[in-house]
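All remarks here apply to the structure that follows.
The values are calculated or read from the model by the stated rules, or taken from the named source; none is laboratory data. Quick caveat, the model's predicted, so the values are computed rather than measured. Neighbour counts run over all protein chains shown; Cβ positions are idealised from the backbone, glycine included. Only protein heavy atoms, including side chains, enter the accessible area calculation; ligands, DNA and RNA are left aside. Shrake-Rupley method; radii C 1.70, N 1.55, O 1.52, S 1.80 Å.
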Amino acid sequence: MPCERKPMRYGHSEGHTEVCFDDPGRFIVTCGNDGDVRIWEGLDDDDPKFITVGEKAYSLALKNKLVTASSNNTVQIHTFPDGDPDGILTRFTTNATHVAFNSNGTRVAAGSSDFMVKVVEVSDSSQQKTLRGHEAPVLSVTFDPIDDYLASSSCDGSVVVWNIEDQTQVISWPLLQKTNDVSNAKSLCRLAWQPGAGKFLAVPVDTKVQLYERGSWDHVGTLSDDLLTQPINVVAWSPCGRFLASGSVGGSLTVWDVNSKLCVERQKHEKGFTVCGLAWHPSGGQIAYTDTEGCLGLLDKLSTSTSDTNATKETNNYDGLFDDDDDDDRDMDEGLSNTNSPVKKHVVGDDDDDDDFLMPATGRVRNRGAILDDENSVDTGSLKLGQDQFVEDDVRGSIVAPGLAPLVPLRPAYEGPLPTPPQKAFQSGSTPAHLTHRFMMWNSVGIVRGYNDEQDNAIDVEFHDTAVHHAMHLTNSLSHNIADLSQEAVLLACPSTDELASKLQCLHFSSWDTNKEWMVDLPKGEDAKALCLGQGWAAVATSTLMIRLFSIGGLQREIFSLPGPVVCMTGHGEQLLIVYHRATGFDGEQALGVQLLQLGRKKRKIISGEALPLSHRSYLSWLGFTAEGTPCYLDSDGVVRMLNRSLGNMWTPVCNTRETCKSKSDHYWVVGVHENPQQLRCIPCKGSRYPPTLPRPAVTILPFRLPLCQTGTEKGQMEEQFWRSVLFHNYYSFLSSSGYEIDEDEQNKSQKEQQELLMKMFALSCKLEREFRSVELAELMTQNVVTLAIRYASRSRRMALAQRLSEIALEKAGEIQGEGQEEQEEEPEYSSIKKSSRYQHNQEEEEEQGEELCEEDNEQEMEMEEPTETRKDPNKPSSLSGPRVTNILDNMTSSKKLNALSGSAGKQNKSPVLKPLAPRPKGKSQSTLLQTSATKTAKRKTQERTEEADDQKQADDPPAPSHTDDTENKRAKTGFQLWLEENRKSILADQPDLEETDVIKEAMGRFRTLSAEERLV
């Protein structure tokens, strides 16, 4: 019985889910934990009709009308397929657990958690029969096809057959494990009566199915399989009554031939979830099943006819993996059943050493005969199947029709990891190509819609900003199926046909001349697979593993080859990002590689074929750039990753869209990413992976959040905010190095935000007595904020911490001075002026914010001190002489602008006061409460280090350090400093062995004991 396991798709939220077919087999109907009943026209239906029946739907049955058991303790009836409410059949004191129709649809049986079973007439719900006798919640109910009996299973461990008319028990079998509730039951024990005459009642018991004969109620057989290791949940008979299918807790799907009691088909849930719903198609060619995660699956191409033609067809086609089911939550392993399996077909002896004997894509043996240790053994199950003669009108009716050629020994089955079908190429920002109305592109510039129906075959282009261009309507006479849109052009591509080559068409609407369109034919046998637009260029990836570059005006440029088939490609400015298959993936994983190229004047490769990280068993869903030019992408598990340029071009997860989805059937379709402000712009899709074209979908904004540990705590929240701020502002350095102008106010704001977060984390670490962690945080701070941290530590009486922080501050001051000297020697003087001004500008902002933070944190800890200690020194210069340079990133503009500004204008702004950077940290450290000998030593070292540089500049520049020293001398001293100068001798006289730090500690202790009047003396 060869069959094909279709990739599963989300149907409902996580929880119990059931499925059935309507009588003609046109619809698949499911219900789930979200309270919805969904009517699918097929597994590919991306917009199923849904009916809300309550908060939860526990069970459903369909026979002309739809009956559901919902969470409001009722059994409701709806019309089908319209879904209009048609009343309430019956009520229970608690929720119903299972409902079932009889064979002609005139009666409904319902079991409940209140231990009762009711049989209700559909035409008149007042005619009810109540079957009492169970001592625990009812698990399932099923009608005898002749409508004389009803069977039920219960959590009390019994399976009971009832006489409906007499409302009495005919027989009861204690077969199941007892439990107190359906949710705790080891198995749902869904009973099933054989169609037709109802000869057998199938009862799933643990890992086997027991068969009982109607009338005598004798146990007549057992269906089992050695590969079943977990309890069977549900069973279902084929419409012909000859085959029985089962679904187990471990996700195993098994089909038995009841006559021979042999297993004729084995399949496995692609993710191993529990199968809780099972239904045969009325034609017998399909089995629909659902799991406890709310997913819907399908076994297709089952052969239950009397012909063996289907058994000889190979179903080895992976081509539709991503074309037909893009909305599915699919695993890459499609689980195809192959008739070349030794279980299904005996092979004539030959000398070929090919791999025809390998197992199909599931990697699991379908018959235990294939795993016998003796390689000369023969599959006895297949022999029996081959010898059984099910003759109907002289036609062999066996499902498996082995050849009559001599048998050969079976080869061992391969049980290792299996190759994953490669993901097909797609255009990011587009919906599947098989749709008649689809989005060909949706990005930050606009929307390209494609229409291909009986009335029209056209393309509409709409711009978010009409100032870029007006909307366009294009006739799609060439059947373009790929598109991209930028602020310069629209790029289209169509596949090749027998007569025509694949074409690339560009509508260059921003051109200043009258010819705004050009077209290129690709070489014969070469099809466009992906394309993108950048600033002044276009690129197309072809089926021959090549990338062709064009100018925006149609000039052919560079051409190069890819190591593997392209998956997706996108462009932004001068950047080109390509994702391709770098190898064959195994066990559901995709092996993708990524290349990032810079296509400016100096072309270079930034990322050269590294592996693209994806979530487990997922595939690429969206690829693009942020509005600021940082590459990012989304995988099928909803994880958004962004390139971290400051971490060696590694990929950092910044958002998980699944966390904001209300149910597993919902997804987000990304249309744009912004780093400032931090926004993930996407479209919510209920029950699908992509939105419909009409009505126009609404865009929503999702926040970013790094997946750090313990983000529910204050410490974790601040850590996440800090590192997210660092990551999302890396683009400033990239843009500046690429020659773009930057909003310096926003950069200053981001730096200020990061330093504030560091200071808050520093204060929290101090309160938690984590001084080592505080020092680690200080390493991330700027020199000015470290000085504020020293003040905070001193006021918190953490002198050892303050001493270590002072050493860090001196190191950072030395680093700043060294950088300043290098820039003075190597860079133009204009750049040095801006560097110094940037340093002083940042210093003033950090001093203000840090002093406010220190005062807030120490408001309750500090005793009364001199007002001058917390007041900003009026003598401290708030600005320097000469023109103030407020734009701190001017020195990061393009080289052309820098050369223009570094002429005479730069020399006019030259000020000797701005060059030396060393006195600034010294003056700042002097205003702290620590006056240690280490500070004095550092001053002397700083002076010696800058002596040579000062000598070189002495002829042209006035001595700037003397100006700063005068400023320091003019700075008002605090009351404690004045008191310490007067009383130092007395302290040393009392304790002559004290070090300088101990002298300050002793002085602080004495000073705090003085009254306010004594301090003023």
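Normalised by 2.2 N^0.38 Å, where N is the number of residues, the C-alpha radius of gyration of segment 507-582 stands at 1.12.
For segment 709-764, relative contact order (Cα pairs under 8 Å, six or more residues apart, normalised by length) works out to 42 percent. If the segment from K424 to L555 were pulled out straight at 0.36 nm per residue, it would be longer than the present Cα-Cα gap by 44.2 nm.
Does segment 4-300 classify as rounded, prolate or oblate by the C-alpha gyration tensor (a ≥ b ≥ c root eigenvalues; a/c under 1.5 gives rounded; else a/b over b/c gives prolate, otherwise oblate)? Since a/c stays below 1.5, the shape of segment 4-300 is classed as rounded. Summing charges over neighbours of I146, with a neighbour being any other residue whose Cβ is under 11 Å away from its Cβ, gives -1 when K and R count +1 and D and E count -1.
The smallest convex shape that holds all Cα atoms of segment 21-139, its convex hull, gives 98 Å³ per residue.
Site pair H464 and E714 shows an inter-label distance of 3.9 nm when each label is modelled 7 Å from Cα along Cα→Cβ. Label positions at Q535 and K752, each projected 7 Å from the Cα along the C-beta direction, are separated by 2.8 nm.
Based on the Cα atoms of segment 724-813, what semi-axes does the equivalent ellipsoid have, where each is the square root of 5 times one gyration tensor eigenvalue, given in whole Å with the largest first? Show your work: numbers first, answer last.
Details: eigenvalues 176, 34, 20 Å².
Here the semi-axes work out to 30, 13, 10 Å.
Between A433 and K208, the C-beta separation translates, for a Förster distance of 56 Å, into a calculated FRET efficiency of about 0.75. Restricting the calculation to alpha carbons of segment 1-68 gives Rg and Dmax of 12.2, 40 angstrom.
Quick one: work out Rg over Rh on the C-alpha atoms of segment 474-554, Rh as Kirkwood radius.
Values: Rg = 12.1 Å, Rh = 12.7 Å.
Checking Rg against Rh, the ratio lands at 0.95.
Go ahead and collect, in residue order, the members of segment 651-694 whose backbone nitrogen is under 14 Å from a label point 7 Å along the Cα-Cβ direction of Q487. The answer is none, because no backbone nitrogen lies closer than 14 Å to the label point. These residues, F625, F560, go from largest to smallest accessible area, 1.4 Å probe, as F560, F625.
Normalised by the number of residues in segment 4-300, the average gap of Cα pairs under 8 Å and 6 or more apart makes the relative contact order 15 percent. Taking a point 7 Å out from the Cα of E121 in the direction of its Cβ, the residues of segment 137-157 whose backbone N falls within less than 17 Å of it are 147-148. The fraction of Cα-Cα pairs per 10 angstrom bin, counted from 0 for segment 152-287, comes to 12, 44, 35, 9, 0 percent, rounded to whole percents. Take the Cα coordinates of segment 240-300, assign each an equal point scatterer, and use the Debye formula without solvent to give log10 I(q)/I(0) at q = 0.17, 0.21, 0.26, 0.28 Å⁻¹. The Cα Debye sum returns log10 ratios of -0.53, -0.78, -1.11, -1.22.
Once you order the gyration tensor axes a ≥ b ≥ c over the Cα atoms, which shape class does segment 644-779 get: rounded for a/c under 1.5, otherwise prolate or oblate by comparing a/b with b/c?
Details: a/c = 2.78, a/b = 1.53, b/c = 1.82.
Oblate, because a/c is 1.5 or more while a/b does not exceed b/c.
Looking at segment 131-227, which chymotrypsin sites (Phe, Trp or Tyr not before Pro) are in a loop (DSSP not H, G, I, E or B) and have at most 16 other Cβ atoms within 10 Å? Don't jump to the answer; show the numbers that get you there.
Working: sites: F143, Y149, W162, W193, F200, Y212, W217; in loops: W217.
Counting only loop positions with at most 16 other Cβ atoms within 10 Å, the chymotrypsin sites (Phe, Trp or Tyr not before Pro) in segment 131-227 are W217.
The residues of segment 4-300 expose, per residue, 34 Å² of accessible area to a 1.4 Å probe. Reducing segment 422-486 and segment 612-645 to their Cα centroids gives an inter-centroid distance of 23 Å. Computed from the Cβ-Cβ distance with R0 of 56 Å, the FRET efficiency linking S615 to Q991 stands at 0.30. Take the Cα of D498, step 7 Å toward its Cβ, do the same at Q230, and the gap between the two points is 5.1 nm. Here segment 70-127 is treated as a Stokes sphere of Kirkwood radius computed over C-alpha pairs; at 25 °C and 0.890 mPa s its diffusion coefficient rounds to 210 µm²/s.
If we count every other residue with Cβ under 9 angstrom of A541's Cβ, Lys/Arg +1 and Asp/Glu -1, where does the sum land? For residues surrounding A541, the net value is +2.
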